[in-house]
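Each remark here refers to the structure printed beneath this line.
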Number of protein chains: 2
Amino acid sequence: MNPLVSDAFVDFLVTDVLELDALLALPAFEGHSRAETIAPWLAACRRVAREVLFPDYRTMDAEPPRFENGRVSVHPRMKHAWKELCELGVIAAGRPVEVGGQQLPLTVATVSHAYLMAGNLAAYAFAGLTTGAAHLIEAFGTDALKARFLAKLYSGEWTGTMALTEPQAGSSLADVTSRAKPTKDGHYLISGAKIFISGGDQDLTDNIVHLVLARIDGAPPGTKGISLFAVPKKREQGSTLVPNDVHVSGVIHKIGWKGLPSLALSFGDEGDCHGWLVGPEHQGLKCMFQMMNEARIMVGVNATATASVAFHESLAYARERKQGRAHGASPASAPVPLVAHADVRRMLVRQKAIVEGSLALLGVTARFADLSEHATGDDERARARLLLDLLTPIAKTFPAEKGFEANALALQLHGGYGYSSEYLPEAWLRDQKLNTIHEGTTTIQGLDLLGRKVVAGAGAALQALGEEIEQDCARATFDVSALRAVLPSVSELVATLGMRGASGDVEGMLVHSADFMDLMSTTVVAWVWVKVTAALGARTDDFAKGLHATREYWFATELPRVPELVRRCQSGERSFRDFQDGWF
Amino acid sequence: MNPLVSDAFVDFLVTDVLELDALLALPAFEGHSRAETIAPWLAACRRVAREVLFPDYRTMDAEPPRFENGRVSVHPRMKHAWKELCELGVIAAGRPVEVGGQQLPLTVATVSHAYLMAGNLAAYAFAGLTTGAAHLIEAFGTDALKARFLAKLYSGEWTGTMALTEPQAGSSLADVTSRAKPTKDGHYLISGAKIFISGGDQDLTDNIVHLVLARIDGAPPGTKGISLFAVPKKREQGSTLVPNDVHVSGVIHKIGWKGLPSLALSFGDEGDCHGWLVGPEHQGLKCMFQMMNEARIMVGVNATATASVAFHESLAYARERKQGRAHGASPASAPVPLVAHADVRRMLVRQKAIVEGSLALLGVTARFADLSEHATGDDERARARLLLDLLTPIAKTFPAEKGFEANALALQLHGGYGYSSEYLPEAWLRDQKLNTIHEGTTTIQGLDLLGRKVVAGAGAALQALGEEIEQDCARATFDVSALRAVLPSVSELVATLGMRGASGDVEGMLVHSADFMDLMSTTVVAWVWVKVTAALGARTDDFAKGLHATREYWFATELPRVPELVRRCQSGERSFRDFQDGWF
């Protein structure tokens, strides 16, 4: 039985690395204790993931939702999964008690959700999307809007979606053209076309609340003229729900996440689509970014979970499958398990480094999210916010990009069998690829990291990160000099690039944003591995040996790439910058 | 219309880089001339690839062969494709005139086949497999066997397969257990189970000839007790064909190459499966390796072709799709094409570097194959053989591993659309993954390269490679010092590792075979880019600028990784070598 995610690692991560008890000592979490609420919550997530979600994963992958007569039907087993997810209380797990939530630290919610995603990414996504939509209404909606939608969303009676992307605009939200026309009755009339709307229709619940970006008539062009609206599939008329002129105009045949429909939606074809403003006029994108920052972290967890379940599958296969012999062994001797071959162990250790490094990175990031909201000191909250903002694009991108590599290794380890749909790794490889695309492509994350995050506040975030790293290095009883050595060069690089941008050469500053993301991710994950293994203290059991060796692997194989990447970014190397279209 | 492969690059590669005229001056190719045979051949391949194969690619991907009542039916359109491939004469294109071939240089055949593979990898594979089987019979079969099978295979009246792998043995051919029992009538009775037999059944032709590895009763264990047999699906009885006790026992649902069935076959269930020995008893693996060496080059071409068609698709999309603006542009200005963004160009230049670097590498390798057979001097043939053997695992692995990365970039460039089966890049990404697995996994290629090829003949092959590289560096009018600088360290590394192995520490020699493959591939491809751009001479047109910039990209981003990889291999870094199973 695939464990989906390592319990031993998660328990150690939450308790020792992320110092759960210190977190629970904050006033916001006073209702929680490790034994009475956190451990039972983790156990419940593990049970639902392993006993409810995972057993139906393959059938939901093989039989995607159907679109007939304008309505989408999800896989029949999804109804069972949805009921269990709602009963678990996963939608509002991290939200306050006063809105019906469990007020769990995000640190715990993030790590526990990894099990559910690893069990069935698409099934979990209905819940994750609903959380995102509800949280926007909770944060920016009027009391009337909250009264109408919040409880129904957080309980899972209804689901929610994010309706941002338009066919002609893609990643460029500045080019959103959906319209909102004010009426005297307090609502707006919405019209426009959206695409890639995950969960945009389903037959699980009576209603769906879409959070839609649109322009109020007369709004300025670009991102500063976009507003956010709650647009239900059905609106209340007296005590009944009537259609709200929201239509499914097409289905996208995704190559993964197949349990979750991805739709083209059309709003207001009949001029009768009511929407309610969420947050101030023209500030929809700012509101949406709150959700998108959370969503980026969740994409990182998606990616980690998808790599994790495949890692455990390939580890089990490598232990079970006997093939070949040690160098020089007699052909008459018995074959050995795959794991006995060094290059197979390389592929397993590499997966472990990516999977557990990613999970730890996400835990660290989520902990800064908790502290940015709930730490008792103003300075501590502000500092945590800086670090959260800096780490978010990395925590989204590293697991997605390297997770894809890990998933490919898991398939590779299964040999010819891995290339067939009789085995599961191919499905997870397909699932994984979306994570470098949605919630901002890798390109966009790189531009965000280099163009905004590392230069924000005159480099205050980067300085805070350096302090965090040094703090963990100081605790380490092993050699961390390679990590310490790269930090000054990264700071110098950021100073150089910041000056390049300030002098007007913005393209010269940003041209190597992909390399910069690579070097920052590699460095940050090296730090995370230091943090994880420093927390082992004097332990020398097998678990500890595995973590130390994985850190050593990362230090030996990945960290040494950083100096060359720094040099390349510093030099502003121009091969592809100067490449003309006509040269291809 | 997707060109599949760049005509301009192929023409330049064949004529200028690979010096076609010098090759055609060899006696073996005296029947050919650039204008009268080679150019028409290339034109014919391009036509069949673009007008026959590619238009049916998606439908064959979507509707794989059916297995009913013990028989496999391929896609109906495959019959049309097969007829055209046979009429083109692709099966025997590189074989001598006296066996019905066109006696084309392998250099030309290799490059021209890339078009057919890019058009429809699975459809082409029926031909490629038939060539491999026929060539084995041509090389090692008795005259009677040749008379029976050769013309029918080379004409495409029948097809051929390779039946090596067994379910319990996988990559470990030493563990083959299929049996061959001699009879007094000159044939053997074959029994055993094989798996992953591509084209193992079809309804295209009347018969199929399987080349089967099996052990003659009483043979020694291991690889030195394996013999090779021709085992037809139907055998001749008088003037009719009767069943030969070969049965399809299962279908593998591959995730790509969907036009080509991959089957489990069962031989001799009824004790009546006749097979004929090909080559000497117990030397089947040695014979098979001739075919496998050719097959490895063909896998490299498969991988290159699959990356090429996706590269051209994403280039067209990047030129057509308008999205976003330059940094700081007014949101009221019109969006620009994707290709105007630097990071998009990075993804395109990277694909170009991989695709055209791979194609040039395969051309160079194929040219050594031609010279190893047909050069007029004994020394020249021997030297070409050394280089061919050294380059073969690289020419298989680099395009497969980096091609997968290129295919992922092509999908990424399509954004959310790329993640759907409404667009083609996802299909090519699936197709590509097989190339790191079949004909020897990447692990096996790495062990072959480091454990055999670079140390063979006391390093004679590596020395010859160094001479080739220096020869091209000497011709270059641009800075090649970075390439020259890495060569001595690679030689030193090989000496160190060779001594490590010779002293008995074979695992210590081979533990970083994956890193060694990486550094050798990266270096060899840097050389290939020098060779390509040196052949441009004084040209300064757009085509030349594109190639020079791509070489500069490779020198700036990939070649600098080599010194660190050399250090790692030298140090024998032990993180995953020492990793114990219990530590995961």
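Each value in this text was obtained by applying a stated rule to the coordinates, not by laboratory testing. Values in this document were obtained by computation on a predicted structure and should not be read as measured data. Glycine gets a Cβ as well: all are built from the backbone with ideal geometry, and neighbour counts include every protein chain shown.
Our coupling estimate for segment A:531-537, obtained by passing each phi through the Karplus curve with A = 6.51, B = -1.76, C = 1.60 and θ = phi - 60°, is 4, 4, 6, 5, 5, 6, x Hz, Gly and Pro reported as x.
Taking 20 Å as the straight-line reach from the Cα of A:LYS152, the aspartates and glutamates in range (excluding those fewer than 8 positions away in the same chain) are A:GLU84, A:GLU87, A:GLU98, A:GLU138, A:ASP143, A:ASP201, A:ASP203, A:ASP206, A:GLU236. Among the listed pairs B:LYS79/B:LYS322; A:LYS545/B:LYS433; B:LYS83/B:LYS322; A:LYS433/B:LYS79; B:LYS258/B:LYS402; B:LYS83/B:LYS453, those whose Cα-Cα separation exceeds 31 Å are B:LYS79/B:LYS322; A:LYS545/B:LYS433; B:LYS83/B:LYS322; A:LYS433/B:LYS79; B:LYS83/B:LYS453.
Calculated FRET efficiency, B:ASP217 and A:ALA139, Cβ-Cβ r, R0 60 Å, to nearest 0.05? Efficiency at R0 = 60 Å is approximately 0.15.
Between identical copies, the spacing of A:ALA474 label points, each set 7 Å from Cα toward the C-beta atom, reads 6.0 nm from nearest to farthest. Computed from label points 7 Å out along Cα-Cβ, the spacing between B:LYS286 and B:ASP541 is 5.1 nm. The local environment of B:GLY357, defined by Cβ-Cβ distances under 11 Å, has a net charge of +3 under the rule Lys, Arg +1 and Asp, Glu -1. With a 10 Å cut-off around each Cβ of A:418-424, the average count of Cβ atoms from other chains is 5. In a DSSP loop and with at most 14 other Cβ atoms within 10 Å, the trypsin sites (Lys or Arg not before Pro) in segment B:108-215 are B:LYS184. Here segment B:14-44 and segment B:307-383 have alpha carbon centers that stand 25 Å from each other.
Its Cα centre serving as origin, chain A has a Cβ charge dipole (Lys and Arg +1, Asp and Glu -1) of approximately 800 debye. Summary value for chain A: 13 percent relative contact order, contacts being C-alpha pairs under 8 angstrom separated by 6+ residues. Counting, for every residue in B:157-168, the Cβ atoms of other protein chains within 10 Å of its Cβ and taking the mean gives 1.
Annotation for segment A:527-545 versus segment B:530-557: alpha-carbon center distance of 48 Å. Do any GluC sites (Glu not before Pro) in segment B:232-289 lie in a DSSP loop with no more than 14 other beta carbon atoms within 10 Å, and if so, which? Qualifying residues, ordered by number: B:GLU270, B:GLU281. Among beta bridges identified by DSSP and lying wholly in chain A, the antiparallel ones come to about 80 percent. The string of couplings for segment B:173-185 from the Karplus curve (6.51, -1.76, 1.60, θ = phi - 60°) is 5, 4, 9, 4, 10, 4, 10, 10, 10, x, 10, 6, 8 Hz, one whole number per residue in order, with x for Gly and Pro. Starting from the label point of A:GLU98 at 7 Å along Cα→Cβ, the same points in the other copies fall at 9.5 nm, in ascending order. In this assembly of identical copies, the label point of B:ASP505 (Cα plus 7 Å along Cα-to-Cβ) is separated from its counterparts by 4.7 nm, sorted shortest first. Please work out the Kirkwood hydrodynamic radius for segment A:7-155, using every pair of different C-alpha atoms, and report it in angstroms with one decimal place. Kirkwood hydrodynamic radius for segment A:7-155: 16.5 Å. Between A:SER333 and B:SER73, the distance separating the two model label sites (each 7 Å from Cα on the Cα→Cβ line) works out to 5.2 nm.
For the listed peptides B:402-413, A:412-423, a ranking on the average number of other beta carbons within 10 Å per residue, highest first, reads B:402-413, A:412-423.
Applying 1/(1 + (r/R0)^6) with r as the Cβ-Cβ distance of A:ALA25 and B:SER571 and R0 = 60 angstrom yields a FRET efficiency of 0.85. Between segment B:455-503 and segment B:172-237, the alpha-carbon centres lie 42 Å apart. Entry note: the protein assembly as shown has Rg to Rh equal to 0.97, where both radii use alpha-carbon atoms and Rh is the Kirkwood radius.
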